[in-house]
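Please read the structure below before turning to the comments.
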Amino acid sequence: MNGLQDTSTRKVILTLLKTKGSLTVNDLAKELAITEMAVRRHINTLERDGLVASTVIRQAMGRPTNQYMLTPASDELFPKNYYGLTLDLLEDLEAEDGGATVTKLFQRRKEKLLRKYEGRMDGLPLRARVAELAEIQNNGGYMVSWKEVPDGGFELLEHNCPIANVANRFEQACQCELQLFKDLLGVPVERTECLAKGGMKCTYVIQQNAAE
């Protein structure tokens, strides 16, 4: 069995455990029409990856047997529609008051992020603050790169937008991100390209204050 088939079989095992609940190696072997030895090999890999766990079931007769179940970590492997729900809720709020509440929600989110991260900027020169901001955004899934530009400022590029579905519909998301960057860095910041507006990336031009 090649690597692609191995991966496919493990996906089927995960799906069976998701739809049928806890199963034994014997149960899985019957479902998959493969040997118990092959099932154990796949289960060992899934246990190593933290996606499957086992519990011992004692029987009235015979040896105890292991039942296998999904771990909470496996939940991220299955389809989600968080953004669909988020968009529905935001659109309902927008319909209520023309968008005022939606704007307040994004502003509150910006203030919350500012309180969370502003301490990481204290006492740092601008270059270090930009590096810190890039790390913050990378941890959020934005796939950031940055560089110093000839005028002494910086350019920060976001190659991915984890909230693209929301940002494409509600420009407040992009406005609050820009304001967050300005507040965290304490210098003028301009967005010259935006993924939500058809750009290939989000590009931020960061100006250096004369004092720095």
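Of all residue pairs spaced 6 or more apart or on separate chains, those with beta-carbon atoms under 6 Å, a first member in segment 154-183 that is crowded, with 21+ Cβ neighbours inside 10 Å and a second member that is among the acidic types (Asp, Glu) are 154/148.
Please determine, by comparing only the residues of segment 1-11 that are part of a helix (DSSP H, G or I) and modelled with pLDDT under 90, which one is surrounded by the most Cβ atoms within 10 Å (Cβ to Cβ). Talk me through it step by step, then tell me what you get.
Within segment 1-11, the first condition is being part of a helix (DSSP H, G or I), and the residues that meet it are 3-11.
With the extra rule that they be modelled with pLDDT under 90, the set shrinks to 3-8.
Working: 3: 7, 4: 8, 5: 9, 6: 14, 7: 12, 8: 12.
Ranking the qualifying residues of segment 1-11, first place goes to 6.
Residue 120 - would you say it is in contact (Cβ under 8 Å) with a residue 12 or more places away in the chain, over 26 Å from residue 85 (Cβ atoms) and of a type in the set (D, E, K, R)? Against the criterion (in contact (Cβ under 8 Å) with a residue 12 or more places away in the chain, over 26 Å from residue 85 (Cβ atoms) and of a type in the set (D, E, K, R)), residue 120 qualifies. Name the single residue that is surrounded by the fewest Cβ atoms within 10 Å (Cβ to Cβ) among those in segment 12-45 being closer than 19 Å to residue 79 by Cβ and either free of Cβ contacts under 8 Å to residues at least 12 places away in the same chain or hydrophobic (A, V, I, L, M, F, W, C) (or both). Restricting to residues being closer than 19 Å to residue 79 by Cβ and either free of Cβ contacts under 8 Å to residues at least 12 places away in the same chain or hydrophobic (A, V, I, L, M, F, W, C) (or both), the top hit is 19. Would you call residue 100 aliphatic (A, V, I, L, M), outside the structural domain of residue 24 (by TED's automatic domain parsing), loosely packed, with under 15 Cβ neighbours inside 10 Å and farther than 16 Å from residue 173 by Cβ? No: the conditions fail for residue 100. The residue pairs whose first member lies in segment 82-111 and is within 18 Å of residue 165 (Cβ to Cβ) and modelled with pLDDT under 95, whose second member is β-branched (Val, Ile, Thr) and not in a helix (DSSP H, G or I), and whose beta carbons are closer than 9 Å, counting only pairs six or more residues apart or on different chains, are 83/163; 86/163. Among residues belonging to segment 55-90 that are of a type in the set (Ser, Thr, Tyr) and part of a helix (DSSP H, G or I), point out the one that is surrounded by the fewest Cβ atoms within 10 Å (Cβ to Cβ). Among those residues, the one meeting the criterion is 82.
Condition check for residue 137 on (1) on the phi < 0 side of the Ramachandran plot; (2) of a type outside the set (Ser, Thr, Tyr); (3) in contact (Cβ under 8 Å) with a residue 24 or more places away in the chain: one failure, at (3).
The values are calculated or read from the model by the stated rules, or taken from the named source; none is laboratory data. Fair warning: this is a prediction, and the values are worked out from it, not measured in the lab. Virtual Cβ from ideal backbone geometry, glycine too; neighbours counted across all protein chains shown.
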